[in-house]
Amino acid sequence: MTRDEIKDVILEIIQDIDEDGEVENLNADEPLRDQLDLDSMDFLDIVMELRKRYQLQIPEGDYPELASLASCVNYLEPRLKDV
Amino acid sequence: MPYKSIAKAAAKYDVVVIGSGLGGLTTANRLANAGHRVLLVEHHHRLGGLATWFKRKGHIFDISLHGFPHGMIKTCRKYWNRAIMDSIVQLNNIVFDNPQFTIRTTFDKEDFTSILTNRFKVDRASVDDFFNTVAGMNFYDDRTMTTRELFEQFFPGRGDVHRLLMEPISYANGSNFNDPAITYGIVFSNFMNKGVFTFSGGTDKLIEMMVEELEKNGVTICTNSRAERIVIDRGRVRGVEIDGRFIEAACVVSNAGILNTIDDLAGRASFSAEFLEKIKPVQVNNSSCQVYMGIREGERLDDVGDLLFTSTAPAYDVDEMLDMETRSRTFSLYYPKTRPGHDRYTVVASMNARYDDWAALPEERYREEKEKMIERSLVDLERYIPDIRQKCDWLEAATPRTFQRYTLHTKGTSFGTKFEGLEVSRTLFNDVKGLFHVGSVGIIMSGWLGAINYGVIVANDADAYLRS
Ligand SMILES: Cc1cc2nc3c(=O)[nH]c(=O)nc-3n(C[C@H](O)[C@H](O)[C@H](O)COP(=O)(O)OP(=O)(O)OC[C@H]3O[C@@H](n4cnc5c(N)ncnc54)[C@H](O)[C@@H]3O)c2cc1C
């Protein structure tokens, strides 16, 4: 997947979790938590959804990599390159 | 009835969930939703565990529907469905009445702040500082500070303030001044922050809606089916023996108590010496007593509040609250709005209690003590509803023995274990591949919201294992 595709997937997953959140105008470098109403349970949902869709296992120690949209894409790019 | 007998279940599933408390139900639902084949077994004839109800003479009594935090709204939408979320309604009239103060509150941060500053004359800065400090607490913070130290830091010598802030939490999860401040902070910030909520339609309606969702997601449900043993071979789960039948599964999630899971279902022999060492300090939480009062058809009650924290004890005292003759109890009043269309009133008195006090009683003493407890509860309730005795046509009591019988939990614990239990619950899997525990543990993972959220966390662990 390309960086843009990964970004779209993340936004789609977040929109499912936070239905009222404004995902269009997110600042990619700022923590998602500061821009949307996300808690630690929501990040768990992102992890579980990525596993379901792409068989991708994200160990607990790597959860901080999902903090911002940009860090998500950086983290996922090499892991989803063959998808 | 969607439920099967275990004889009709298949020979093999991806995962067996043992127990249908809110934790077990949620894990089963999440795993089925993620595409796994799930068998859910429950020893009782009804699902829900402590989230349950019973019917007598036209009355419907709820056991654990006294109130839950605002967070349930989002949790139910995400992990169950929108219809369940839409049935959540706020309880606006919470009352405290004890020798130190009598107040009425909406149970949210704004109202508590105003009560603490105006009524208790605490300076605003300390109140804000307290709310900010507890809101910032998390699982990874310092665990050595006790709740007593936390209160002394912010409100030194203010027994009345300590009581206001502690009493509801003691009823909600059995914790007290001696438990870690972080468990207090995490629960307080969820619970005494944005109001108290209930489920319109009652517990029966909630469980019915959850069962519909489980069915939609393809979970096989067997009631009257008691898991006897989790079969473990060379450090891996192989399946479960249920009423004499072996069901094969590589993954088992137990919603039985954590100690029941280790001692009765898996067996201590399945664990390393190091792990067994970690179990030693695990303490189960206290149990409960309840008195159920059914109001005669056609009678009505005035609105005296939804949830009444009452006590005639001079100060907050954890031992007093656990005593068989405690003078501290909550009254939940269920008006017809609880079950729209069912035009009845009920009252449930709840007390904290110690299993050992009740377990030892010979039958006759046991019956007498139950009668005395009913009487004490009526005397207390007469302060708010003077003619309660004339209006009541059903009175019944439950004790720690009752809770033990229905849930099988060690010492009939109402709220799982103290803090140490969480680590044990989270690490079962290190010793036995494919074995997980879900359900009230560690104070923070108890209550309806805690149990459901923990169900989601454990479903994620189990899903990771199943896909590895
Ligand atoms: C009196 C009382 C009042 C409460 N009030 C509230 C409240 O107002 N608000 C709130 O949020 N929380 C309340 N709680 C707490 C809340 O009800 C519990 O924390 C929560 O429901 C527990 O869910 P759980 O997943 O831990 O499982 P549990 O409800 O403990 O269920 C475990 C299930 O496993 C089953 N089981 C055990 N062993 C086996 C076996 N071997 N085979 C098959 N099945 C088995 C049991 O039968 C049971 O159904 C209250 C609790 C009590 C006791």
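The values are calculated or read from the model by the stated rules, or taken from the named source; none is laboratory data. Small disclaimer: the values here were computed from a predicted structure and weren't measured. As a convention, Cβ positions derive from the backbone with ideal geometry for all residues, glycine included, and neighbour counts pool all protein chains shown. Areas reflect the complete protein model, heavy atoms only, side chains present, ligands, DNA and RNA absent. Shrake-Rupley method; radii C 1.70, N 1.55, O 1.52, S 1.80 Å.
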For this session: Kindly list, by first and then second residue, each pair from a residue in the stretch B:232-258 that is modelled with pLDDT under 95 to a residue that is assigned to a loop (DSSP other than H, G, I, E, B) and more than 13 Å from the ligand (Cβ to nearest atom), limited to pairs with Cβ atoms under 9 Å and residues at least 6 apart or on different chains.
Result: B:Asp243/B:Ser5
Problem set entry | Test: residue in the stretch B:375-386 that is crowded, with 22+ Cβ neighbours inside 10 Å and at pLDDT 95 or above | yes
Seminar exercise, completed: Flagged pairs (Cβ under 8 angstrom, 6 or more apart or on separate chains; first in the stretch B:334-354, surrounded by fewer than 16 Cβ atoms within 10 Å (Cβ to Cβ); second at pLDDT below 95) are B:Pro336/B:His342; B:Pro336/B:Asp343
Problem set entry | the stretch B:227-243, subset in contact with a helix residue (DSSP H, G or I) (Cβ under 9 Å, 6 or more places away or on another chain) and within 12 Å of the ligand (Cβ to nearest atom), residue most open to solvent (accessible area, probe 1.4 Å) | B:Arg229
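Which ones in the stretch A:40-74 are open to solvent by less than 60 Å² (accessible area, probe 1.4 Å) and within 10 Å of chain B (Cβ to nearest Cβ)?
If the condition is that a residue be open to solvent by less than 60 Å² (accessible area, probe 1.4 Å) and within 10 Å of chain B (Cβ to nearest Cβ), then A:Met41, A:Asp42, A:Leu44, A:Asp45, A:Val47, A:Met48, A:Glu49, A:Arg51, A:Leu56, A:Ile58 are the ones that fit.
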For this session: Confirm whether B:Gly305 is free of Cβ contacts under 8 Å to residues at least 40 places away in the same chain and among the small types (Gly, Ala, Ser).
Result: no
Problem set entry | Qualifying residue in the stretch B:45-56 (condition: among the β-branched types (Val, Ile, Thr) and assigned to a loop (DSSP other than H, G, I, E, B)) | yes
Problem set entry | Filter result (within 15 Å of the ligand (Cβ to nearest atom) and within 14 Å of chain A (Cβ to nearest Cβ)) within the stretch B:416-431 | B:Arg426
For this session: Could you identify the single residue in B:Thr203, B:Thr198 that is within 9 Å of the ligand (Cβ to nearest atom) and within 21 Å of B:Arg339 (Cα to Cα)?
Result: B:Thr198
Exercise. Filter the stretch B:437-464 for residues that are open to solvent by 10 Å² or more (accessible area, probe 1.4 Å) and more than 10 Å from the ligand (Cβ to nearest atom); which is farthest from the other protein chains (Cβ to nearest Cβ)?
Worked result: B:Ile444
For this session: May I ask you to verify whether B:Phe177 is within 19 Å of the chain's Cα centre (by Cα) and under 30 Å from B:Asp306 (Cα atoms)?
Result: no
For this session: Please identify the pairs in which a residue from the stretch B:24-51 that is away from chain A (no Cβ under 14 Å) and more than 27 Å from A:Val47 (Cβ to Cβ) has its Cβ atom under 9 Å from the Cβ atom of a residue that is of a type in the set (Gly, Ala, Ser) and more than 8 Å from the ligand (Cβ to nearest atom), counting only partners at least 6 apart or on another chain.
Result: B:Val41/B:Ala9
Problem set entry | Condition broken by A:Arg33, with the remaining ones in (1) more than 9 Å from every other protein chain (Cβ to nearest Cβ); (2) part of a loop (DSSP other than H, G, I, E, B); (3) within 23 Å of B:Arg30 (Cβ to Cβ) satisfied | (2)
Exercise. Considering B:Met209, B:Met166, which residue is open to solvent by 10 Å² or more (accessible area, probe 1.4 Å) and in contact with a helix residue (DSSP H, G or I) (Cβ under 8 Å, 6 or more places away or on another chain)?
Worked result: B:Met209
Seminar exercise, completed: For the stretch A:10-30 the number of residues that are part of a helix (DSSP H, G or I) and either at pLDDT below 90 or touching a helix residue (DSSP H, G or I) at 6+ places or on another chain (Cβ under 9 Å) (or both) is 6
Seminar exercise, completed: Sole miss for B:Phe246 among (1) out of contact with any helix residue (DSSP H, G or I) (no Cβ under 8 Å at 6 or more places or on another chain); (2) crowded, with 22+ Cβ neighbours inside 10 Å; (3) within 30 Å of B:Ala28 (Cα to Cα) is condition (2)
Problem set entry | Scan of the stretch B:23-44 for residues that are assigned to a helix (DSSP H, G or I), under 15 Å from B:His409 (Cα atoms) and open to solvent by 10 Å² or more (accessible area, probe 1.4 Å), ordered by number | none
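Filtering the stretch B:150-178 down to residues that are of a type in the set (S, T, N, Q) and outside any helix (DSSP H, G or I), which residue is nearest to the ligand (Cβ to nearest atom)?
Applying the filter and picking the extreme gives B:Ser175.
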Seminar exercise, completed: Within the stretch B:256-273, of all residues that are touching a His at 6+ places or on another chain (Cβ under 8 Å) and either in a loop (DSSP other than H, G, I, E, B) or small (Gly, Ala, Ser) (or both), the one nearest to the ligand (Cβ to nearest atom) is B:Ala256
Seminar exercise, completed: With the first residue restricted to the stretch B:267-296 and required to be closer than 30 Å to B:Met321 by Cβ, and the second required to be acidic (Asp, Glu) and within 16 Å of the ligand (Cβ to nearest atom), Cβ contacts under 8 Å at 6 or more apart or on different chains are B:Val291/B:Glu396; B:Tyr292/B:Glu396
Exercise. How about the stretch B:59-71: which of its residues are more than 8 Å from the ligand (Cβ to nearest atom), of a type outside the set (D, E, K, R) and open to solvent by less than 40 Å² (accessible area, probe 1.4 Å)?
Worked result: B:His59, B:Ile60, B:Phe61, B:Gly71
